[in-house]
1. With the requirement that a residue be more than 18 Å from Arg17 (Cβ to Cβ) and either within 18 Å of the chain's Cα centre (by Cα) or of a type in the set (A, V, I, L, M) (or both), what does segment 80-95 give you?
2. Search segment 50-62 for residues that are on the phi > 0 side of the Ramachandran plot and pair each with any residue that is part of a loop (DSSP other than H, G, I, E, B) and open to solvent by less than 30 Å² (accessible area, probe 1.4 Å) when their beta-carbon atoms are under 8 Å apart and the residues are at least 6 apart or on different chains.
3. Looking at Pro118, Pro108, Pro142, Pro131, can you tell me which residue is modelled with pLDDT under 70 and farther than 14 Å from Asn18 by Cβ?
4. Can you tell me how many residues in segment 27-36 are open to solvent by 60 Å² or more (accessible area, probe 1.4 Å) and touching a strand residue (DSSP E or B) at 6+ places or on another chain (Cβ under 7 Å)?
5. If you scan segment 44-82, which residues turn out to be assigned to a strand (DSSP E or B) and open to solvent by less than 20 Å² (accessible area, probe 1.4 Å)?
6. Does Leu33 qualify as being free of Cβ contacts under 8 Å to residues at least 60 places away in the same chain and either part of a loop (DSSP other than H, G, I, E, B) or out of contact with any helix residue (DSSP H, G or I) (no Cβ under 6 Å at 6 or more places or on another chain) (or both)?
7. With respect to Leu24, determine if the residue is open to solvent by less than 40 Å² (accessible area, probe 1.4 Å), part of a helix (DSSP H, G or I), modelled with pLDDT of 95 or more and of a type outside the set (Ser, Thr, Tyr).
8. Is there a residue being of a type outside the set (S, T, N, Q), in contact (Cβ under 8 Å) with a residue 40 or more places away in the chain, closer than 15 Å to Phe112 by Cα and part of a loop (DSSP other than H, G, I, E, B) anywhere in segment 3-20?
Amino acid sequence: MAEDLMRYDVLAQHALRNVVKLALQRVMRDGQLPGEHHFFISFDTNFPSVRISERLHAKYPEDMTIVLQHQFWNLQVFDRHFEVELSFDNIPEKLVIPFAAIKGFFDPTVQFGLQFEPGVLEQSASEGNEPDAEVAEDAGAPEDAGSNDDNGAASGARASNDDSTVVSLDAFRKK
């Protein structure tokens, strides 16, 4: 089999992470989730540029799932990350989550879900394989509101050209 020099695995993950970003941008724009929609977002708590309190990191040392439904505040969506405030045990916390740290996104209202391999985008960018600006650009999406945050640090995860990189929707489909 020929080597995938196009890195379709990276392009697909970039496009699907953009779905998450666009959904969050819509919520930020509208100030609320539409209808009964709500999001479960799981992410790698050790990923570079993830910012959570030491208390939360001690409780969730590897990964964490947050729910955006009724009680969340100050959702801000930027080019490479989003920020949100949530309450954990009645203690308000601000979380900063790079899109590349997301491991899963699920909206149970419509049984829509995505699974990701954290770090694939950042690793690809550090190897000079970042998707072209034309491909990566959000069609009609709001521009990044002046974020100077650098979430481009390469993670320890390495992308490969074998069949182990899979984005699967099967786990979230109705049977």
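1. Glu85, Leu86, Ile91, Lys94, listed by residue number.
2. none
3. Pro118
4. 1
5. Across segment 44-82, the qualifying residues are Met64, Ile66, Leu68, Leu75, Val77, His81, Phe82.
6. yes
7. Working: open to solvent by less than 40 Å² (accessible area, probe 1.4 Å): yes; part of a helix (DSSP H, G or I): yes; modelled with pLDDT of 95 or more: yes; of a type outside the set (Ser, Thr, Tyr): yes.
Spelling it out, Leu24 is indeed open to solvent by less than 40 Å² (accessible area, probe 1.4 Å), part of a helix (DSSP H, G or I), modelled with pLDDT of 95 or more and of a type outside the set (Ser, Thr, Tyr).
8. Looking for residues that are of a type outside the set (S, T, N, Q), in contact (Cβ under 8 Å) with a residue 40 or more places away in the chain, closer than 15 Å to Phe112 by Cα and part of a loop (DSSP other than H, G, I, E, B), one finds none in segment 3-20, hence no.
The values are calculated or read from the model by the stated rules, or taken from the named source; none is laboratory data. Every value quoted in this text rests on a predicted model; they were computed, and no experiment measured them. Methodologically, a virtual Cβ is constructed for each residue, glycine included, from the backbone with ideal geometry; neighbour enumeration extends over all protein chains shown. SASA here: full protein model, heavy atoms, side chains in, ligands and nucleic acids out. Shrake-Rupley method; radii C 1.70, N 1.55, O 1.52, S 1.80 Å.
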